[in-house]
Every structure is written in C-alpha cells, then in structure tokens.
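A quick write-up on the structure given underneath.
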Amino acid sequence: AQSVTQPDIHITVSEGASLELRCNYSYGATPYLFWYVQSPGQGLQLLLKYFSGDTLVQGIKGFEAEFKRSQSSFNLRKPSVHWSDAAEYFCAVGPYNTDKLIFGTGTRLQVFP
Amino acid sequence: EAGVTQFPSHSVIEKGQTVTLRCDPISGHDNLYWYRRVMGKEIKFLLHFVKESKQDESGMPNNRFLAERTGGTYSTLKVQPAELEDSGVYFCASSPQGRGEQFFGPGTRLTVL
C-alpha cells in the first residue's frame, strides 16, 4: 500500500539551530516527492519537490531535502531555523501528472527564541 | 495572480444539517482537487476534477458527499446530511494541465456538533 510516514508529530528547536524533519514513503512506482508547509491561517505552500535528477533539492525559504531511494526517505533540512519557520510541515508522494497526493500526518515545528 | 480561495473559512453546523463548501481555483487551472484532514490525521484525497469531469472520486467517503464543478470553474462540495465524523479541514487545490505541482487553498474548517 502506498503511504507516507512522518514519525515526528511535534519538534521544538531553538532559533538558529539546525533542523531535520523525517519522511519515509512506501510507493510502488518511481515516486514524486513533495514537502509542503502550512502556517497558521494559510494554505499549504510548496517548499520543494523531487521528480528526478540530483537527489539533493533546494527549495524556498532556505530549505533543502535529500532523496534516498535505498532508505525510502525524503528528509527535509534547514541549517539555521528562524522563528518564522514555526508551522506544520507535510511530506507527500504522488505521480507527476496531476494526480492525487498521499500525505503524511504532518510535523508541527515550534521555534523558541 | 490570485491563489486558490475557499469559502467559508469556518462552518459550524449541527448533525443532520447540510453544508456547502466552495472552492475557486486559480484561473486557467483545469485540475481541481478536494482533500480532507480529520484532526490529528493525514490529509486525504477526496476527488479530482479535470475541467467539469470527475477524473477520480475514489476518496469520497460515502454518498452523503456530492461534488460539482459546473462549467469547469469553481467547485462545490456538499455534505448532506452532515455527521459528526465529517468534522475536519477541507482543502481545495488546483493545478494546470501537465504540471505536477498542486496549489492549495487555506481550507475550510468544518465542525459538526
């Protein structure tokens, strides 16, 4: 069955610290992978996506993610977290061509000053 | 360019009542999706329109849910009659033909009492 696992429900970091949010997936075909962020009162915003090519992808707001096929993982990273990064982060997998996305349960990030 | 908009932002109704949610996709986007997030769980796909046609409605929970997209523009999702388990946040997303990225709206929070 196709699924996405985000093992961390809630993460707290200090501002300026590094961040890694974990995502593991189970998908039969070649996966297309996404990270979305939802800030309070906002819609889901795409941070980055992986379709093919370089397994380290850069996104907006200083985020990056690395696709590791052998581990079925697509972890999101940021070297230095800002208070404005406090939000909920969702990993998703799906086919490229405009079809349904399968989401993880989300990781809520709290940032302390 | 205006983003995906959803109305209302919040709705509180009693069990047995009817509620209609509306989604206006980004202009020119042929693909429109509905998703739902029940509290604490993952965001789940409900259905996918291509223009005015239902491409995939495999995620619709039961026949109390009716989605329409007349004229291939905005879409409505009606729940009749609403049950307690229908509470959650309903997201709408749209994408242009041939693109993998879905653009999400802010969601409608539905509470059924």
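Nearest 0.05, what FRET efficiency do B:S58 and A:T12 give at R0 = 35 Å with Cβ-Cβ as r? Provide the component values of the computation, followed by the final result.
Values: r = 37 Å, r/R0 = 1.06.
It comes to 0.40.
Please list A:F34, B:F103 from largest to smallest accessible area, probe radius 1.4 Å, with all protein chains kept in place.
B:F103, A:F34
For the residue pair A:E20 and A:R108, what label-to-label distance in nm results when each label sits 7 Å from Cα along the Cα-to-beta-carbon direction?
Going by the 7 Å Cα→Cβ label model, 2.5 nm.
Between A:H82 and B:E101, what's the calculated FRET efficiency when r is the beta-carbon distance and R0 is 35 Å? Round to 0.05. Please report the intermediate quantities before stating the final value.
Numbers: r = 24 Å, r/R0 = 0.69.
In this case the efficiency is close to 0.90.
For chain B, modelled as a Gaussian network with Cα springs under 10 Å, which listed residue fluctuates most, B:L66, B:L47, B:L21?
B:L66
Amide H to amide H, which residues 5 or more places from B:H29 or on other chains are under 5 Å from it, using H placed in the peptide plane?
none
Can you give me the distance in nm between label points at A:S3 and A:T55, each placed 7 Å from the Cα along the Cα-to-Cβ direction?
Result: 2.4 nm between the two label points.
Considering protein heavy atoms only and a 1.4 Å probe radius, which residues within segment A:41-71 exhibit an accessible-area decrease of no less than 20 Å² in the full assembly relative to the chain by itself?
A:G43, A:L44, A:L46, A:K49
Over 31 Å apart: what share of the alpha carbon pairs of the protein assembly as shown falls there, rounded to a whole percent? Walk me through the numbers on the way to the answer.
Details: 5362 of 25425 pairs.
Counting every Cα pair in the protein assembly as shown, those more than 31 Å apart make up 21 percent.
Of A:K49/B:K54; B:K15/B:K54; A:K68/B:K41; A:K61/B:K15, which pairs sit farther than 32 Å apart, going by alpha carbon to alpha carbon? If you can, show how the numbers build up before the last one.
Values: A:K49/B:K54 26 Å; B:K15/B:K54 28 Å; A:K68/B:K41 25 Å; A:K61/B:K15 42 Å.
Flagged as over cut-off: A:K61/B:K15.
In square angstrom and rounded to 100, what buried accessible area do you get between chains A and B, total over both, with the probe at 1.4 Å?
1700
Springs between alpha-carbon atoms under 10 Å, Gaussian network over chain A: tell me which of A:S72, A:S39, A:S84 tops the mean-square fluctuations.
A:S84
Mind checking the mean number of beta-carbon atoms from other chains within 10 Å of the Cβ atoms in A:100-111? If you can, show how the numbers build up before the last one.
Values: counts 13, 9, 4, 8, 2, 5, 5, 0, 0, 0, 0, 0.
Mean partner shielding for this stretch: 4.
For B:T70, A:T55, what's the largest-to-smallest order of accessible area, 1.4 Å probe?
If we order B:T70, A:T55 from most to least accessible, we get B:T70, A:T55.
Under a Cβ-Cβ cut-off of 13 Å, what is the net charge of the residues other than A:A29 that fall near it, where Lys and Arg count +1 and Asp and Glu count -1? Please list the in-between numbers first.
Details: positive: A:R69; negative: A:D99.
Local net charge: 0.
Give the whole-number value, in cubic angstrom per residue, of the convex hull volume spanned by the C-alpha atoms of chain A.
Details: hull volume 11.3 nm³, N = 113.
Each residue corresponds to 100 Å³ of Cα convex hull volume.
The values are calculated or read from the model by the stated rules, or taken from the named source; none is laboratory data. Everything quoted here is computed from the prediction, not taken from an experiment. Cβ sites come from the backbone with ideal geometry, for glycine too, and all protein chains shown count toward neighbours. Side chains included, ligands, DNA and RNA excluded: accessible areas come from the protein's heavy atoms. Shrake-Rupley method; radii C 1.70, N 1.55, O 1.52, S 1.80 Å.
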